[in-house]
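Scroll down for the structure; my scribbles are underneath it.
The values are calculated or read from the model by the stated rules, or taken from the named source; none is laboratory data. Remember, it's a predicted structure, so these values are computed and weren't measured experimentally. Backbone-built Cβ (ideal geometry, glycine too); neighbour counts: all protein chains shown.
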Amino acid sequence: MALLEVKDLKVRVEEREILHGLTLTVNEGEVHAIMGPNGSGKSTLSHVIAGKPGYEVTDGQILFKGEDLLEMEPDERAAKGVFLAFQYPVEIPGVATMNFLRTALNAQRKARGESEYSTPDFLKKVREVSKSLNIPQDMLKRGVNVGFSGGEKKRNEVLQMALFEPSLCILDEMDSGLDIDALRIAADGVNALRSPKRAMVVITHYQRLLNYIVPDVVHVMSRGRVVKSGGKELALELEASGYAQFEAA
């Protein structure tokens, strides 16, 4: 079943068109990798799906579970099950990670008409989830991402995914700034969340991330479009030959 359908999407930032009629379908249970050079529109696509302001959609549509995503505010999209893991997660001094997680989770549950977690129930849940992902409890007491290493920030994003249980996880260059050990730990957390009902879109420049998060489908983006799709072997081909063949097309 199609979870995400992007149809002929055109997006402008100020006076410049970034996406030029992009089409993409992601089914439940699938992991899709989107690869491409800088400036190809990968992050723009992720931001538009999540509802980040500053982008003007001039044509096309985005359907999520058959609903028009572009008609929803960012918080509505999150409550429906869309999650974006940022390339560079922001620090929020003065806000404890535990308080942030509880507030965000209960806001989503309230929007869906579900009961909010009490403090004891939430503490029990977050401890269970963090233990399953090997995330130390002391991380939860610190300010959101304050003083976190690159690897800790990405593990914090994985913890959010595990708690919020989104249907669609978009990982925007989660390998940025990570050494091999940190990358492996973050990828293990992502792999633990793979599910027949959950889809993932992994955005990356490099094939190395896909050694740890093995995709079902690989797409190449260039100049604001998907120009080629294939299996995981396409990532190896790109590693060997680069993106020049697509940029020249």
Exercise. Residue check: is LYS154 under 30 Å from MET1 (Cβ atoms) and either in contact with a strand residue (DSSP E or B) (Cβ under 9 Å, 6 or more places away or on another chain) or crowded, with 20+ Cβ neighbours inside 10 Å (or both)?
Worked result: yes
For this session: May I ask you to say which residue of MET139, MET221 is modelled with pLDDT of 90 or more and over 15 Å from the mean Cα position of the chain (by Cα)?
Result: MET221
Exercise. Name the pairs whose Cβ atoms lie under 7 Å apart, with the first residue in segment 98-116 and closer than 17 Å to VAL144 by Cα and of a type outside the set (Gly, Ala, Ser), the second in a helix (DSSP H, G or I) and modelled with pLDDT of 90 or more, and 6 or more positions between them or separate chains?
Worked result: MET98/VAL126; LEU101/VAL126; LEU101/GLN160; LEU101/LEU163; ARG102/PHE122; LEU105/LEU163; LEU105/PHE164
Problem set entry | In segment 1-50, the residues that are under 20 Å from ALA79 (Cα atoms), surrounded by 15 or more Cβ atoms within 10 Å (Cβ to Cβ) and not hydrophobic (A, V, I, L, M, F, W, C) | GLU5, GLU28, GLY29, SER46, HIS47
Problem set entry | Any hit, segment 55-68, residues being surrounded by 12 or more Cβ atoms within 10 Å (Cβ to Cβ), without any contact (Cβ under 8 Å) to a residue 40 or more places away in the chain and either within 23 Å of MET200 (Cβ to Cβ) or in contact with a helix residue (DSSP H, G or I) (Cβ under 6 Å, 6 or more places away or on another chain) (or both) | yes
For this session: Go through segment 174-219 residue by residue and tally those that are surrounded by fewer than 20 Cβ atoms within 10 Å (Cβ to Cβ) and closer than 17 Å to SER46 by Cβ.
Result: 4
